[in-house]
1. What about Ala184, is it open to solvent by 10 Å² or more (accessible area, probe 1.4 Å), in contact (Cβ under 8 Å) with a residue 40 or more places away in the chain and under 27 Å from Ala39 (Cβ atoms)?
2. Given the condition among the hydrophobic types (A, V, I, L, M, F, W, C) and assigned to a strand (DSSP E or B), answer yes or no: does some residue in segment 145-155 qualify?
3. Going through Phe52, Phe112 one at a time, which residue ends up being over 15 Å from the mean Cα position of the chain (by Cα) and either on the phi > 0 side of the Ramachandran plot or of a type in the set (Phe, Trp, Tyr) (or both)?
4. From the set of residues in segment 196-225 that are touching a Leu at 6+ places or on another chain (Cβ under 8 Å) and of a type in the set (Phe, Trp, Tyr), which is most open to solvent (accessible area, probe 1.4 Å)?
5. Suppose we filter segment 184-217 for residues that are assigned to a loop (DSSP other than H, G, I, E, B), under 23 Å from Leu55 (Cα atoms) and out of contact with any helix residue (DSSP H, G or I) (no Cβ under 7 Å at 6 or more places or on another chain); how many remain?
6. Please work out if Asp159 is in a strand (DSSP E or B) and out of contact with any strand residue (DSSP E or B) (no Cβ under 7 Å at 6 or more places or on another chain).
7. Kindly check whether there is at least one residue in segment 33-44 that is in a loop (DSSP other than H, G, I, E, B) and not charged (D, E, K, R).
8. Based on what the data block shows, is Ala124 at pLDDT 95 or above, at negative phi and surrounded by fewer than 16 Cβ atoms within 10 Å (Cβ to Cβ)?
Amino acid sequence: MKNPISISRGTVAAVFIDLQEEHRKDRRYLVEGFGDILANVQRLQAAARRNFVPLYHWAYIVDLAEARPFHPVDASGKSAFSDKDDPLTAICAEVAPAEGETMLVKTEASAFGKGAFAETLKAAGIEWLVIAGVWTEACIDATVKDAVASGFRVLLVKDACGSASSAMHQTAILNLANRLYGGAVANTLDACRLLAGDTVSVWQVEGSVPLRFTYENAARLYDEL
């Protein structure tokens, strides 16, 4: 259901997950429509900067010496993705941190997995997180769920996220939407308006698992969010 919400100035931060070159250049790890996603992220970043919203940029970089059990490797013995020695782990230039913005590295899916990210945000008075990036069913999913568990309200920007296919992305958004307690799902335009202090009607979960999606209706339900 769509409800009007607003976000108080000084209580919101923007979090960008794994917008790295490998997602448009490494054939093993390509994201469908990545160019469109990056363009929407640029719009979000511009809105955040105009409205003095802090930006946090994350990159997933794998060091096999510290990797989780059963981490996949390629024929050369390196990580099958995001290897620490691969230059394609660099953040795409058009969405890279501006001077003074925070650049962080994670070694697992969630931005909240290790370190003191939640404590840092809370110390700054942050209550809302605008989240965008890739892959929707993996690092976005893990970050959003951990953010909610840490007590943050999440504004999930559906068209500034992506995965290997539309089906993977859309069903992941629907699954998160069903459990995005305290938060909301929005498109880029409405997220930018919220960052500017406007009141906007966006989708919020009510009740228990309201989006009963199937192969046949998933795309329609996604468009309606």
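The values are calculated or read from the model by the stated rules, or taken from the named source; none is laboratory data. Since the structure is predicted, the reported quantities are computational estimates derived from the model, not experimental observations. Cβ atoms come from the backbone with ideal geometry, glycine included; neighbour counts cover every protein chain shown. What goes into the accessible areas is simple: the full protein's heavy atoms, side chains included, and nothing from ligands, DNA or RNA. Shrake-Rupley method; radii C 1.70, N 1.55, O 1.52, S 1.80 Å.
1. No: the conditions fail for Ala184.
2. So the first thing to find is which residues in segment 145-155 are among the hydrophobic types (A, V, I, L, M, F, W, C), and the list is 147-149, 152, 154-155.
Then keep just the ones that are assigned to a strand (DSSP E or B); that gives 154-155.
Scanning segment 145-155 turns up at least one residue that is among the hydrophobic types (A, V, I, L, M, F, W, C) and assigned to a strand (DSSP E or B).
3. Going through Phe52, Phe112 in turn, just one is over 15 Å from the mean Cα position of the chain (by Cα) and either on the phi > 0 side of the Ramachandran plot or of a type in the set (Phe, Trp, Tyr) (or both): Phe52.
4. Only one residue fits best here, namely Phe213.
5. Summing the residues that are assigned to a loop (DSSP other than H, G, I, E, B), under 23 Å from Leu55 (Cα atoms) and out of contact with any helix residue (DSSP H, G or I) (no Cβ under 7 Å at 6 or more places or on another chain) in segment 184-217 gives 4.
6. Working: in a strand (DSSP E or B): yes; out of contact with any strand residue (DSSP E or B) (no Cβ under 7 Å at 6 or more places or on another chain): yes.
Criteria met by Asp159.
7. yes
8. Judged against the criteria, Ala124 is a match.
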